[in-house]
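One structure is given here, and the rest of the page talks about it.
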């Protein structure tokens, strides 16, 4: 299984500022994803981080607000730009790697999350 | 998108069985998952089931799938206090990037001594 770390684990930011969250995986993975978990809500996929090309965003999320980088197969960043209190959430990074068994499913591993509070 | 539905809270006594239910949205979902989230931790994949199966057993965990009703359940036998956590049901769905997990809001399981 993959081990995923995120930095920072939490932050409190002022509105109008930006925060970059880092995600590091301990092994090379094909797919990396960024999710948001708003208070009392389920996880929502923001985008898929593609290595060497622009991220693929889901409906309701745009690159100007959530720029994503993925310079290699083990690292990605998500920036939350021009923050407002509505951006207060937990942001989770995940990575997809084949299970150890000879199965065809792809197991997604999740990082511990970054708890963001915007004042 | 549509919501994956889960009851929000479940309380059981230590040693009893816990059953967490989920109704998902897409009958074409290939895989269905159960994740566990402990306080301050990330999501841990507990188990999954392929859509052509009705049941999967993995030690204390039993997953039942009713495709007709789009109903998924997770049974934890001999529930322990360490099982107290939030349990998320998720289905695989098509997304702009081809693949995504659609999560429920999670069921908070409280195990009392």
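The values are calculated or read from the model by the stated rules, or taken from the named source; none is laboratory data. Keep in mind the model is a prediction, meaning the values are calculated, not measured. FYI the Cβ positions are ideal-geometry reconstructions off the backbone, even for glycines, and counts take in every protein chain you see.
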Strands (runs of 3 or more DSSP E) wholly in the stretch B:27-113 with at least 3 residues that are touching a residue at least 40 places away in the same chain (Cβ under 8 Å), within 14 Å of the chain's Cα centre (by Cα) and within 21 Å of residue A:95 (Cβ to Cβ) - which ones? B:31-37, B:85-93, B:100-103
Just one listed residue, out of B:51, B:28, B:97, is away from chain A (no Cβ under 11 Å) and modelled with pLDDT under 95, and it is B:28
